[in-house]
Each structure stands twice: as C-alpha cells, then as structure tokens.
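Here's the structure, in structure tokens; my notes come after.
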Amino acid sequence: MSTRIGAYVMAALLVVYLGLVGWRAVQFIGTGEPVAIGIGVALLALPLIGVWALWRELDFGARSQQLVRRLEAESGPIDLGVPVRASGRPERDAADAAFGGFRAAVEAEPESWRAWLRLSLAYDAAGDRRRARTAVRRAISLERAER
C-alpha cells in the first residue's frame with residue numbers, strides 16, 4: 001500500500017511541476033520574441049511528454065494489480081514456493097532455483113496470461129525488474145486478447 005501512496009505522491013508532485021513549467025512556457029510565448037517563443041514551445045512539449053509517461057506508468061501499475069487480484073481470486077494467494085526473508089522479500093537464490101518451473105510453464109502454455117504473470121513474479125523475486133515488466137506487459141496483452 002505504501003508503494004501506491006508513494007506513486008500517487010510522486011504523480012501529484014509531477015503534476016505541480018508540469019503546471020509550473022507550462023505556465024512558464026505560456027509566459028515565454030507571450031513575449032513575442034522568436035527565441036522565447038521557441039523556448040516556450042519546447043517547454044510545452046516537455047509537459048505533454050511527462051503527462052504521457054506518467055499516464056503509461058500509472059496505467060501499467062493499475063493493470064498489473066488487476067491481473068494479480070484476478071489470479072488470486074481464481075486460485076487463492078499466489079505462492080511462488082520460495083522462502084521469504086523477515087522483510088517479506090523472497091530469497092534470491094531460492095527464487096533463481098524455482099525460476100525454471102515458471103519458465104517451463106510459459107513454454108508449455110505461451111498464450112496463458114496466468115503463466116506469464118507467474119513468470120513475471122518469479123523474475124521480480126529473482127531481482128530482474130526489466131524482464132519482470134516485460135513479462136507483465138505480455139500477460140496484460142494476453143488477458144486483453146482473452147476478453
């Protein structure tokens with residue numbers, strides 16, 4: 001829950017920042033000077049890119065959470081079969097050892113969003129965030145196609 005709150009706080013701060021940059025862009029454009037207008041237009045483009053990136057990240061987080069909740073509703077709490085530390089994080093060596101089973105499940109059912117989601121959780125437990133995000137994206141697209 002604290003991660004979600006942190007994401008919303010950062011999003012709110014980004015919105016404030018983008019608003020201030022947007023206001024400064026309008027002031028630059030209002031001067032009528034060609035260089036200042038160019039700077040103003042560039043400053044307007046940056047907030048638009050920022051809003052797009054923020055939307056993508058929040059949408060990704062919401063969709064991945066929906067899939068985890070749906071999988072838990074279907075089959076109960078997700079158990080990777082990996083022991084966890086006192087902090088709640090999986091033990092990396094055990095996650096690496098269990099990873100092969102999740103990879104085999106994806107190879108056996110490449111069109112299963114459930115298998116891809118479990119694989120992403122295994123990647124995350126093993127500390128490979130980039131591949132975890134890629135696997136979640138695949139799970140999201142497969143689940144959309146299933147609907």
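Do you know which residues across the stretch 53-96 are among the acidic types (Asp, Glu) and at pLDDT below 85?
Asp79, Glu91, Asp93, Asp96, listed by residue number.
Yes or no, residue by residue, for (1) under 20 Å from the mean Cα position of the chain (by Cα); (2) within 21 Å of Arg4 (Cα to Cα):
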{"position": "Gly88", "(1), (2)": "no, yes"}
{"position": "Gly100", "(1), (2)": "no, no"}
{"position": "Trp113", "(1), (2)": "yes, no"}
{"position": "Asp128", "(1), (2)": "yes, yes"}
{"position": "Val136", "(1), (2)": "yes, yes"}
{"position": "Ser141", "(1), (2)": "yes, no"}
{"position": "Glu146", "(1), (2)": "no, no"}
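The values are calculated or read from the model by the stated rules, or taken from the named source; none is laboratory data. These numbers come from a predicted model, not from an experiment.
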